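Right, one structure below, let's go through it.
Coordinate-derived values only; no laboratory data. From a predicted model like this one, the values you see are computed outputs, not experimental measurements. Cβ: placed from backbone, ideal geometry, glycine included. Neighbour counts: every protein chain shown.
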Amino acid sequence: MSRLHVFQRTPAWVIPRDRRAYSEQQKRRYEKFPWLRTLHRWRLYWANESRLLGFVHPALVKVPRALALKMLRRQVSDPALVAALTPDYTFGCKRVLISNTCTRCSTGRTSSW
């Protein structure tokens, strides 16, 4: 690709994706005890769904918002681009993206905003 042109109405909040690998021991345990795997999946599901609590208690979104801003500032060094990529709406009011690489494409020399 020679050039990337990005057109967006509003930037999205982006939080890091959990990319941890499961150890062989964990895999064997989940194989031996399927209920444990089910329990783990339910934990993952409710951990993601818990972000909705910010609608009821806005103070609860301070931590994920700070995490998203920290990741953005770590991945983007240009203050003007950080400002352009920082949403002006409350965390969780629109879809939150889960990615470790989403903002990296915005920092390349071939990107324009």
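What helices (runs of 4 or more DSSP H) completely inside segment 1-102 contain at least 3 residues that are out of contact with any strand residue (DSSP E or B) (no Cβ under 6 Å at 6 or more places or on another chain) and basic (Lys, Arg)? Walk me through how you get there before you give the answer.
Working: elements: 24-32, 34-49, 53-56, 62-75, 79-85.
Hits in segment 1-102: 24-32, 34-49, 62-75.
Please find, within segment 21-54, the residue that is surrounded by the fewest Cβ atoms within 10 Å (Cβ to Cβ) out of those that are under 18 Å from the mean Cα position of the chain (by Cα) and among the hydrophobic types (A, V, I, L, M, F, W, C).
Keep residues of segment 21-54 that are under 18 Å from the mean Cα position of the chain (by Cα), which gives 21, 43-54.
This time we only want the ones that are among the hydrophobic types (A, V, I, L, M, F, W, C), so: 21, 44, 46-47, 52-53.
Numbers: Ala21: 7, Leu44: 11, Trp46: 9, Ala47: 10, Leu52: 10, Leu53: 13.
Out of the qualifying residues, it is Ala21.
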